[in-house]
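The values are calculated or read from the model by the stated rules, or taken from the named source; none is laboratory data. The structure displayed is predicted, hence computed values, not measured ones. No Cβ is skipped: glycine too gets one built from the backbone with ideal geometry, and neighbour counts run over all protein chains shown. Heavy atoms of the whole protein, side chains included, go into the accessibility calculation; ligands, DNA and RNA do not. Shrake-Rupley method; radii C 1.70, N 1.55, O 1.52, S 1.80 Å.
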Amino acid sequence: MLLLAVAAGWRMWGTVLPPTVSEGETPRQPSARPTPSVFTPAHRTLGDAVEAFFGIRPEAVQPIAFSHRVHVENDLGCTDYCHPHATEGPQAGLPSLRTCMLCHATIATEHPEIQKMTAYEERGEDVTWQRVFGFVRSAHVRFNHAPHVRADVACATCHGDVGSQTVAQRLDLTMGQCIDCHEAQQAAIECVTCHF
Amino acid sequence: MTGKTAKEISNDLLRPVLDTSWRFYAAAVLLGALVVAGLAAWGHQMSAGIGVAGINRPVFWGFYITNFVFWIGVSHAGTLISAILRLTHAPWRRPVTRAAEAITVFALMIGAMFPLIHLGRPWLAFWLFPYPSERRIWPNVRSPLVWDFFAINTYLVGSTLFLLLPLIPDLALLRDRARGWRRHVYRLCALGWAGTPHQWRRLETAMHIMAIVIIPVAVSVHTIVSFDFAMAPVPMWHSTIFGPYFVAGAIFSGIAALIVAMAVLRRALRLEAYLQLLHFESLGKLLLLMSLVWTYFVFAERLTTWYGNEPAEVAVLFAVERGPYAGLFWAMVFCNFVLPFVMLSIKRLRTITGTVVASLAVLVGMWLERFLIIVPSLTRKYLPYSWGTYQPTLVEITITAATFAAMGLLFVLFSKAFPIISIWELKEGDRRAPVVAPGLVDQSMVMADRHANP
Amino acid sequence: MPHRWGMVVDLDRCTGCEACVVACRAENNVPTVGEAEAARGRAIHWIRVERYVDGEFPDVRVKFLPVFCQHCDAAPCEPVCPTYASYHTADGLNAQVYNRCIGTRYCANACPYTVRFFNFFNPVWEKPLHLQLNPDVSVREVGVMEKCTFCVQRIKAAEIAAKAEDRPLRDGEVVPACAQACPSRALVFGDLNDPDSEASRLAGSHRATHLLGELGTQPKVFYLQREGGHDRQDREGDQ
Amino acid sequence: MRTRKAVRNVIYGICADDDAAASVVEELRALDVDARRIVVQSSEPLEIRDLAVPHGSGAMPWVAALGGLIGAVAGFTLAAGTQQLWPLSTGAMPIVTLRTNLIITYEMTLLGVIVATVLCFLVTARLPRWRMPLDDPEISEGAVLVGVLSPPQDRAHDIERALREGGGAARIVTCGPEDWG
């Protein structure tokens, strides 16, 4: 009952009350200006807010059934062509269509998934890969791949055995796992190491 | 004291519980509507952001923290007064204690809501609780807000038990009187109380220990609330006097709240025979005493600040006394000192109406006092470039009003479900010597009481 | 020996151009709240240039005072936070951990410099402004406190780069956005533990003072007092 | 909830006030009835304190003190442990700040006392007890019940006489196990 009232307020007061950025409350304000749309609620619905709170995210659906296994079996390293930036900076990066076509212009061209890519190329579009790993915005984590690669942390330590998967499956990474590893490696565990 | 038989007492005091009048429904619906409005306002605030409240930079705390301090202050009504009166065997306490303890519990529940309401991200408030999590990081026990968490929890647990223990025999009484489904509920609540001499003695020992312990808890709670301010280097906050000053103010507003609640109960539940002029007079005298103590603290605080002439502090001092907050300040002085002093020190004015008027004024005055402690200091911090102002918004006002309604609603529901005057204690007191003199009774008299036969 | 980051502000050099303010906003994803909210005191500026006007017209002098987080050693904001969102790093930064912040705003009350800013609403960068966001810095959401970090992202990046090359950090390798943008070089950032750094050299000047030093907060920001104008006589001896 | 206890039956009388109850108890003692079998129930504390089984003030203050001690240790350990669990420096304070930890210790001490007192009360007063005790509506009207649990069959008559004559119990009730519930 009480929760219902709060939920109702969540939905309705926005329409009953003046907009959240209200005008005309202090004399110094400029008059006759439209309310700036600088702010929105952090979540559109209560459901979104609850999902964000519990960290519920939809599974990433990839446009192409990319097989990591096939590529790893053909001795392609993670950072060789597809995620090269992992050795250089924060983001590992996702391959562009051009990277794929370097090989697939000639390899396995008759495979239906590869033909999808050819179709993309013909339309002049890039593949809209969905990001699988990543921190929720409210975690405020600034993860940098490069120092981890330099410290010889294997990709699979965090990403799991992607080499045996088709499209990558998300693992739930927790702060506890980061800390355990950082402590074992005697890396910094100060908050600002990652959160800034 | 009441000149009534045990049976009459039971009948009178159980009547409001067993019979339900339309007034109860009217009050419950009206107050409930306000509470729902407040909850909706809170929901809106969580959805849109805390910015729908009037707080800004540099006034980061406003109405919500004012309400927090005010309600925690009111909570000292009860347990502290009731515990002191019990320990001093003040015979006139008997019809008063339960109402006082109920005020404590409800005011604490409401007051403890405000630190949550005022949070920017209230859904993460559980981080104040030291629980094992994979993050391995626990609350910072150096923070006065964490002290608050511990102090308020201790006080809430203590005062709730202090209210419930002496309720058990009355629940047994209700178990025997009530009919239908309520009988089963009361039967469960009464925990199978039999009323053997053994149990009575245990209850008395337990209440005695609780009464002793609850006093240092209550003192510490409001001291810690004052530390929320005193720990920060903000002009006029960073003060060593704040602990006792806040405790005195808390007892002051607590007595006022108790008098108002008693007056309402007396009218609404027709308890004129139990809540007599004597009770209002005795509490009125206590109120007068606390008014003087409070005035002393205010004077001492403001004199030392003025004499010290520290620029940042004096800026706040004069902003309050003759600046934008002067109106509120002098209203506070009138409500907390002038009016109660006149109404309570002149015997002819110290009637029931007189004490109630004084108490209402004190409640207003003490709310203003909390506001004037919190806001003006924040508007005038050290660097004049960042001075600011504060204006409450509709959301804050709605939530504030809703908490007063919530207090009323909880009180109405409580007095509906349980006898608001402790029946067994009243009977026990009636059977002992009819001591009419108000005030504190000395030990020899109490002993005489105990051995006197009916 | 850990670093001890500090900043020196030469008030004689500050012209009040506010380039630092603009640079800081761009670097640190500082939200713009709009006129209405700014009028209600909700504007966010991690660095601000306070203007104080001295004297009667026509003999008027304007003093500029850039104020930002002083990264106090004995910071009043840190111990009051119930969740450790505000704490002191080993290299002397006054850290603000956004994800730990539950929005009590206690730190902002305790800060005597009023340099802590609160997100009263959820900030939004309308398209295409979202493209200007710095990916190295978090975008803070509603209910979270924020403040000057001494551009901790630049410190971290420089540290990582230095470690990759297995060498110590050089003086001047880390430059916060405000210092980088300052045309008159009034802002000098550096390691106060390194006696040869420019910052620690300037911090030893006889002109160096702290803002509200009497409060005992032990700031790591030093203000070099003005020597122009009426104070001209004590110019001798300055380096 | 409805399990029957070994009590076979009970004889009790309803006395008008505690004086009457006191003299009934005297009579019963004179009859050499086991003090543990005598029950007295009232709806308010009785003036005459030594009815039925005598008890001192009991161990409650000591239990309360023990609770306080446990609370103090728990409070200090919690506070200092929390600080050392993830040592973060704030405001140039030491990692373990004794002064602030005293506050937590203090609150936990008092919480320990309160909880221990209430637990001790519940245990020694044998609450909660889901089986109803002897339940006579007249108790809540102010009367005092005096009874004997499982009276020896051969002496039931004597006991009834004692109840009636001692202080003039107004009403004598004899109930078997089926009346308990």
Fill in the blank from the handout: Everything considered on the Cα gyration tensor (a ≥ b ≥ c; rounded for a/c under 1.5, else prolate if a/b is larger than b/c, else oblate), segment D:60-124 must be described as prolate
Problem - Förster radius 35 Å - calculated FRET efficiency between C:Ala162 and C:Leu131 (Cβ-Cβ, nearest 0.05) - result: 0.70
Fill in the blank from the handout: One finds the C-alpha centres of segment D:89-118 and segment B:12-68 to be spaced, in Å, by 33
Completion exercise
Highest GNM mean-square fluctuation among C:Val144, C:Val33, C:Val175, for chain C with Cα springs under 10 Å, belongs to C:Val33
Completion exercise
Rounded to a whole %, the carbon-and-sulfur portion of the accessible area of chain B at a 1.4 Å probe is 71
Problem - Accessible-area order (highest first, 1.4 angstrom probe) of the listed residues C:Asp91, C:Asp12 - result: C:Asp12, C:Asp91
Exercise for the section: Please give the calculated 222 nm ellipticity per residue for the protein assembly as shown, where each DSSP H segment of at least 4 residues contributes -39500 (n - 2.57) and the sum is spread over every residue; nearest 500 deg cm²/dmol? Expected result: -15000 deg cm²/dmol
Exercise for the section: Mind checking B:211-218 for the average number of partner chain beta-carbons within 10 Å of each residue's beta-carbon? Expected result: 4
Problem - Of all accessible heavy-atom area on segment D:96-141, the percent that carbon and sulfur account for (1.4 Å) - result: 70
Exercise for the section: Leaving ligands, DNA and RNA out of it, rank B:His238, B:His279, B:His208, A:His83 by accessible area with a 1.4 Å probe, largest first. Expected result: B:His238, B:His208, A:His83, B:His279
Completion exercise
For segment A:65-195, the percent of all C-alpha pairs falling in each 10 Å bin, from 0 up to the bin holding the max distance, is 10, 38, 31, 15, 5, 0
Exercise for the section: May I ask for the distance between the Cα centers of segment C:44-93 and segment C:1-35, given as a whole number of Å? Expected result: 11
Exercise for the section: Calculate, for the protein assembly as shown, the solvent-accessible area per residue in square angstrom, rolling a 1.4 angstrom probe over the heavy atoms of the protein chains. Expected result: 43
Problem - segment B:70-108 versus segment A:52-112: alpha-carbon centroid distance in Å - result: 69
Fill in the blank from the handout: Reported to the nearest 10 Å², A:Cys194 has, with a 1.4 Å probe, an accessible area equal to 40
Practice task
Ignore the peptide's own chain and count Cβ atoms of other chains within 10 Å of each Cβ in D:119-130; give me the average, rounded.
Solution key: 6
Exercise for the section: Just list whichever of C:Lys147/C:Lys220; B:Lys347/B:Lys427; B:Lys4/B:Lys416 have alpha carbons separated by over 19 Å in the model shown. Expected result: B:Lys347/B:Lys427; B:Lys4/B:Lys416
Fill in the blank from the handout: Rounded to the nearest 10 Å², the accessible area of A:Glu88 using a 1.4 Å probe with every protein chain kept is 130
Problem - For C:Val221, residues with placed amide H under 5 Å, excluding near neighbours - result: C:Met7
Exercise for the section: From the P(r) of segment C:5-227, can you give the percent of Cα pairs sitting at distances over 25 Å? Expected result: 41
Completion exercise
Quick shape summary for chain B, equivalent ellipsoid via Cα gyration tensor, semi-axes whole Å in descending order, reads 39, 26, 21
Exercise for the section: Give me the orientation-averaged projected area of the Cα convex hull of segment A:122-191, in nm², one decimal. Expected result: 6.9
Problem - Distance in nm between pseudo-label sites at A:Thr118 and A:Asp48 (7 Å out along the Cβ direction from Cα) - result: 4.1
Practice task
Specify whether the C-alpha gyration tensor of segment B:287-396 places it in the rounded, prolate or oblate class, a ≥ b ≥ c being the square roots of the eigenvalues: rounded for a/c under 1.5, otherwise prolate if a/b is larger than b/c and oblate if not.
Solution key: oblate
Practice task
Enumerate the residues in segment C:175-204 having an amide nitrogen under 13 Å from the point lying 7 Å beyond the Cα of C:Thr15 toward its Cβ.
Solution key: C:182-186
Exercise for the section: Kindly sort C:Glu146, A:Glu125 by accessible area of their heavy atoms, largest first, with the probe set to 1.4 Å. Expected result: A:Glu125, C:Glu146
Fill in the blank from the handout: Rounded to a whole number, the mean other protein chain Cβ count within 10 angstrom for residues of B:226-235 is 4
Exercise for the section: At a probe radius of 1.4 Å, figure out the A/C buried accessible area, summed over both chains, and give it in Å² to the nearest 100. Expected result: 2900
Exercise for the section: For chain B, return all DSSP H helices satisfying: extent of Cα atoms along own axis at least 18 Å; mean Kyte-Doolittle hydropathy at least -0.5. Expected result: B:22-48, B:97-117, B:144-164, B:197-230, B:242-268, B:277-308, B:352-379, B:394-417
Completion exercise
In segment B:123-149, accessible area falls by at least 40 Å² from chain alone to full assembly (1.4 Å probe) for B:Trp123, B:Trp127, B:Glu134, B:Arg135, B:Arg136, B:Ile137, B:Trp138, B:Asn140, B:Val141, B:Arg142, B:Leu145, B:Trp147
Exercise for the section: Quote the accessible area belonging to B:Lys381 in square angstrom, nearest 10, computed with a 1.4 Å probe and with ligands, DNA and RNA left uncounted. Expected result: 0
Exercise for the section: Run a plain Debye calculation on the protein assembly as shown (Cα atoms as equal point scatterers, no solvent) and give log10 I(q)/I(0) at q = 0.08, 0.10 Å⁻¹, rounded to two decimals, same order as the q list. Expected result: -0.94, -1.25
Exercise for the section: Starting from the alpha-carbon convex hull of segment C:104-153, give the projected area averaged over all orientations, in nm². Expected result: 4.1
